[in-house]
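Novice: First, the structure itself, so that you have it in front of you.
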Amino acid sequence: MKTSITELLNIEYPIIQGAMAWVADPDLASAVSNAGGLGVVGTGHDPVDVVREKVATMKEKTDKPFAVNAMFLSPHVDAVVDYLIEESGVKIITTGAGNPSKYMERFKNAGIKVIPVVASVAVAKRMARIGADAIIAEGMEAGGHIGRLTTMALLPQVIDAVDIPVVAAGGFGDGRSLAAGFMLGAAGIQVGTRFVVAKESNAHENFKQSILKSNDLSTVVTGEITGHPVRVLRNQLTKKYLSVQKSITSDEKPDFTPLEELGSGALYRAVVKGDTKTGSMMAGQIAGLVNKEQTVEEIILDYVTEAKAVFQNSKPYFE
Ligand code: TUI
């Protein structure tokens, strides 16, 4: 498969793995890179020493191209970016949950390819103008921290607004959606939720089972009033969170402290400890479609085979 993103990144398939905090470790990311996609090491709120160790492990596990994600809600992001630019030797960086502008010149001077994840046309344009090599346009179907637009609405508008490759994210659970992404002009897709349940993923078995058992209506969005909306699987935590959120919405001067307390450490509890009750199980709306645990290689092959079949079967529509 050859697209502008496989050419840019020197990978075999136009599939980028999402940089899911606590999930996207070197085991998962190296499996994706070794299977011909782009593995991405997530850094979440990691201090720089943890990132250093992850990069070292990644280099042991793969000779193929891989990326590291810088996450702008992290208190350590400045130190992590300094390390990535000055010492790591990492050649591709994706960014999320914020604006990488202030680092862009240093990324470029270091010869690093930068692929920001964006949720709006305005940010996509700004990123392209200051030198991004590609853009990941992420719709609100995605899991975790999200913007306000659906993938279907966001993707073609971003594609029209920039002249660099655009990768689609949010809702890409199988090869039909990969084909649909191409139809809208995307150069590839980013996949998160389906890789959480991969055999190589170290996410806790309870979290994996929750995704495998979920349906179309299993996700909810929390945190809208704090300005950081996050899509997760519905559970005891979200029930509590949404009821507290409702009670403070009517306050004149809302105090978000009770919400912050509920959210603190919640992702770790879900992914690492397997706490499906009070943990934050970030997952996309496509979770209902994800119902088998496969190796990363099988997952990637499924996407590619299904997408090819869609194109082969699409001819009758045009006759
Ligand atoms: O970043 C994500 N998804 C994430 S980050 C994350 S970590 C977290 N942990 C605990 C609580 C909350 C978050 C979990 N999921 N996706 C990429 C993404 N980036 N989505 C939206 C954005 C984004 C938003 C605003 C990118 C740029 C942006 O710029 C605004 C501006 O102009 O500065």
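Novice: Quick one: Phe256, Phe207, fewest Cβ neighbours within 10 Å first, how do they rank?
Specialist: Fewest-to-most Cβ neighbours within 10 Å comes out as Phe256, Phe207.
Novice: What number, rounded to the nearest 500 deg cm²/dmol, is the helix-based mean residue ellipticity at 222 nm of the chain, given -39500 (n - 2.57) per DSSP H run of at least four residues and division by all its residues?
Specialist: Computed mean residue ellipticity for the chain: -12500 deg cm²/dmol.
Novice: Can you find, among Ser201, Val221, Gln190, the residue sitting farthest towards the positive end of the charge dipole of the chain, where Lys and Arg contribute +1 and Asp and Glu -1 at Cβ?
Specialist: Val221
Novice: Still on this structure: For region 84-178, state which GluC sites (Glu not before Pro) are in a DSSP loop and have at most 14 other beta carbons lying within 10 Å of their beta carbon.
Specialist: Those satisfying the criteria are Glu87.
Novice: Along the charge dipole of region 219-282, pointing to its positive end and built from +1/-1 on Cβ of Lys, Arg, Asp and Glu, which listed residue (Val232, Leu242, Leu259) has its Cα farthest out?
Specialist: Farthest along the dipole direction, towards plus: Val232.
Novice: Within region 36-193, how many lysine pairs that are 8 or more places apart, or on different chains, have C-alpha atoms less than 19 Å apart?
Specialist: Lysine pair count for region 36-193: 14.
Novice: So between Tyr268 and Lys59, what do we pick up on full extension, going 0.36 nm a residue minus the alpha carbon distance?
Specialist: Separation in residues times 0.36 nm, less the Cα-Cα distance, equals 72.7 nm.
Novice: A further question follows. Run the reach check for Lys308 against lysines, Cα to Cα strictly under 23 Å, same-chain hits fewer than 8 apart removed. What comes back?
Specialist: Leaving aside lysines fewer than 8 places away in the same chain, those within reach of Lys308 are Lys2, Lys292.
Novice: If you take every DSSP beta bridge fully contained in the chain, what fraction is antiparallel? Give it as a percent rounded to 5.
Specialist: Around 20 percent of the beta bridges assigned by DSSP in the chain are antiparallel ones.
Novice: Okay, moving on. Place the peptides 298-305, 248-255, 272-279 in order of packing, highest mean first, counting for every residue the other Cβ atoms within 10 Å and averaging per peptide.
Specialist: Answer by packing, highest mean first, reads 298-305, 272-279, 248-255.
Novice: Another question about this same structure. In debye to the nearest 20, how big a dipole does the chain give about its Cα centre with +1 on each Lys and Arg Cβ and -1 on each Asp and Glu Cβ?
Specialist: 420 debye
Novice: Also, quick follow-up: Taking a ≥ b ≥ c as the square roots of the Cα gyration tensor eigenvalues, with a/c under 1.5 meaning rounded and otherwise prolate when a/b beats b/c, else oblate, which class fits the chain?
Specialist: Judged from the Cα gyration tensor, the chain comes out rounded (a/c under 1.5).
Novice: How would you order 159-165, 184-190 from highest to lowest mean count of nearby Cβ atoms within 10 Å?
Specialist: Ranked by mean Cβ neighbours within 10 Å, highest first: 184-190, 159-165.
Novice: Charges only on Cβ, +1 for Lys and Arg, -1 for Asp and Glu: so what's the dipole of region 219-282 about the Cα centre, in debye to the nearest 20?
Specialist: About 380 debye.
Novice: Related question: Between Val221 and Arg106, what FRET efficiency follows from the Cβ-Cβ distance if R0 is 25 Å, with the result rounded to 0.05?
Specialist: The formula returns an efficiency of 0.15 here.
Novice: Rank the residues Ile11, Ile92 as a footprinting-exposure proxy: fewest other Cβ atoms within 10 Å of their Cβ go first.
Specialist: Ile92, Ile11
FYI, it's all coordinate maths here, none of it is from the lab. Everything numeric in this text was worked out from a predicted model, so none of it was measured. Heads up, the Cβs are rebuilt from the backbone with ideal geometry, glycines too, and the neighbour counts pull from every protein chain shown.
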